[in-house]
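Notes for the one structure printed next.
The values are calculated or read from the model by the stated rules, or taken from the named source; none is laboratory data. Because the structure is a prediction, the values reported are computed rather than measured. Every residue, glycine among them, receives a Cβ derived from its backbone with ideal geometry; neighbour counts consider all protein chains shown.
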Amino acid sequence: MNLTRRHLITQGATALATSLAFTTPLPLIAKPLTQSHTKLLFDTDIGSDIDDAVALAYLLMHPSIDVLGITTVTGEARKRAALASRLLELAGQTVPIFPGFEAPREIATRQPIAQQAVKLSVTQLLGTDQPYNPEAAIDFMADSIRAHPFEVTLLAVGPFTNVARLFEKYPGISRLIKSLVIMGGKYSDYPTPWGPSEWNGIIDPAATALMFAKAECPIRAFGLDITWQVSMDAQQVSRAFATHPLLREVRRWSDVWFAERDALHFHDPLAAVSLIDPTVCNYKYGQVAVDLSPGREGFTEFVAANPQWTTASNRPLIEVAASVNANQFFEQYFAPFTPRAISAPN
């Protein structure tokens, strides 16, 4: 069916043409296994899909990851912050947490509540109904990046409202970011139940488009087409997540998730593990466009390009996961929790 496009915002819109001239060498995200500490900002909608909590548990336990702060996004952002605080408590860490924006930029919210917050006690939820200023989350992100120029990785695994606001409020701030790693979008025809759409991309289409348009740093993107291929069912989660207090808490929260679904897909954890071992995936390089036409708001479109060069418009290419080694992923994910690596489920 032919669709009338209202507009298409791209990171390097000219990359959509096949006759691009490639002129300037492109610095891509490094491929070797991480040896030094990674300074990290984590932007998350923890409390909806259980995979955010799965990812945060890994980030808190890995000795090579230094979490500078956590920001939450979408409905009930304060309850999402409380969930993150609970995992920090179990990990014995003190990390700043800032509730960010709850509402999308232009459309009505499609994720109004943090379902897993029902697993928190009254004490753990104390203060989550108090007024807050989401701009403080954006200011914190900017201050952290400026305090560690070219050292901070921003890992964004929720809708991109906070990230878009950061780039909008602080023009040029992305040039100080070491890399932007995201779980969002869909970049191939690999079949999933939602066709060409992906949740983080469509929750705030305008923010998704603005993020890609304004980012001036290396980007690594993990789309639903790849993350969908790494999963466990409820019984596998029950067994594998029995080994550590953090994982046991996540398993307790997962009851809410599995009450309506039959699998945990490791969307966000795959992006998190790539910080330490990017070789869990193979990658392709190109440009990403975000469709804002009616009926396709927030859909992503990928156009491949030569990974050695950038476009004539001097916009950086994006590194997009193209395949995943599930066994390698599971070994890497569970390594910080137990001395014996856990292989992929049978």
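Among the strands (runs of 3 or more DSSP E) confined wholly to the stretch 65-160, which include 1 or more residues that are of a type in the set (Ser, Thr, Tyr)?
Numbers: elements: 65-72, 97-99, 152-156.
In the stretch 65-160, 65-72, 152-156 are the strands (runs of 3 or more DSSP E) which contain 1 or more residues that are of a type in the set (Ser, Thr, Tyr).
Please specify each residue of the stretch 218-236 satisfying the condition of being over 25 Å from Val256 (Cβ atoms) and in contact with a strand residue (DSSP E or B) (Cβ under 6 Å, 6 or more places away or on another chain).
Start the filter on the stretch 218-236 by keeping residues that are over 25 Å from Val256 (Cβ atoms), which leaves 218-221, 223, 225-226.
Selection gives Pro218, Ile219, Arg220, Ala221, Ile226.
If we keep just the residues of the stretch 219-260 that are in a helix (DSSP H, G or I) and of a type in the set (Lys, Arg), which is surrounded by the most Cβ atoms within 10 Å (Cβ to Cβ)?
First, pick out the residues of the stretch 219-260 that are in a helix (DSSP H, G or I): 224-227, 234-240, 245-258.
Still in the running and of a type in the set (Lys, Arg): 239, 248, 251-252.
Working: Arg239: 13, Arg248: 13, Arg251: 22, Arg252: 12.
Once the filter is applied, the top-ranked residue is Arg251.
Would it be correct to say that Pro191 is within 16 Å of Gly223 (Cβ to Cβ) and part of a loop (DSSP other than H, G, I, E, B)? Write out each step before concluding.
Numbers: within 16 Å of Gly223 (Cβ to Cβ): yes; part of a loop (DSSP other than H, G, I, E, B): yes.
In short, yes.
When the residues of the stretch 296-311 are filtered to those that are at pLDDT 95 or above and part of a loop (DSSP other than H, G, I, E, B), which remaining residue is nearest to the chain's Cα centre (by Cα)?
Filtering the stretch 296-311 for residues that are at pLDDT 95 or above and part of a loop (DSSP other than H, G, I, E, B), the one nearest to the chain's Cα centre (by Cα) comes out as Gly298.
Hey, any hits in the stretch 262-273 for a residue that's free of Cβ contacts under 8 Å to residues at least 12 places away in the same chain and surrounded by fewer than 18 Cβ atoms within 10 Å (Cβ to Cβ)?
Taking the stretch 262-273 and keeping what is free of Cβ contacts under 8 Å to residues at least 12 places away in the same chain, we get none.
No - not one qualifying residue is present in the stretch 262-273.
Run Gly201 past the list (1) assigned to a loop (DSSP other than H, G, I, E, B); (2) under 28 Å from Ala322 (Cα atoms) and report the number of the one that doesn't hold.
Unmet for Gly201, out of (1) assigned to a loop (DSSP other than H, G, I, E, B); (2) under 28 Å from Ala322 (Cα atoms): (1).
So Ala136 fits all but one of (1) more than 26 Å from Ala82 (Cα to Cα); (2) touching a residue at least 12 places away in the same chain (Cβ under 8 Å); (3) surrounded by fewer than 24 Cβ atoms within 10 Å (Cβ to Cβ); what number is the exception?
Looking at each condition in turn, Ala136 falls short on (1).
Which one of these does Val320 not meet: (1) at pLDDT 95 or above; (2) more than 21 Å from the chain's Cα centre (by Cα)?
(2) is the only condition that Val320 fails.
Six or more apart or on different chains, Cβ under 8 Å: which pairs go from a residue in the stretch 59-88 that's over 20 Å from Pro131 (Cα atoms) to one that's among the aromatic types (Phe, Trp, Tyr) and assigned to a helix (DSSP H, G or I)? Could you list them?
That search, which allows pairs on different chains as well, returns Met61/Phe337; Gly69/Phe140.
Is it the case that some residue within the stretch 43-51 is touching a Phe, Trp or Tyr at 6+ places or on another chain (Cβ under 8 Å) and of a type in the set (Gly, Ala, Ser)?
no
Evaluate the stretch 179-202: report whether one residue or more is loosely packed, with under 15 Cβ neighbours inside 10 Å, without any contact (Cβ under 8 Å) to a residue 40 or more places away in the chain, under 30 Å from Ala304 (Cα atoms) and acidic (Asp, Glu). Walk me through it before giving the result.
Here is the first cut: in the stretch 179-202, the ones loosely packed, with under 15 Cβ neighbours inside 10 Å are 189-191, 193-195.
Add one more test, that the residue is without any contact (Cβ under 8 Å) to a residue 40 or more places away in the chain, and what stays is 189-191, 193-195.
So of that shortlist, the ones also under 30 Å from Ala304 (Cα atoms) come out as 189-191, 193-195.
Filter once more, keeping what is acidic (Asp, Glu): 189.
Yes, because at least one residue in the stretch 179-202 is loosely packed, with under 15 Cβ neighbours inside 10 Å, without any contact (Cβ under 8 Å) to a residue 40 or more places away in the chain, under 30 Å from Ala304 (Cα atoms) and acidic (Asp, Glu).
If you go through the stretch 153-178 one residue at a time, how many are surrounded by fewer than 20 Cβ atoms within 10 Å (Cβ to Cβ) and touching a Pro at 6+ places or on another chain (Cβ under 7 Å)?
1
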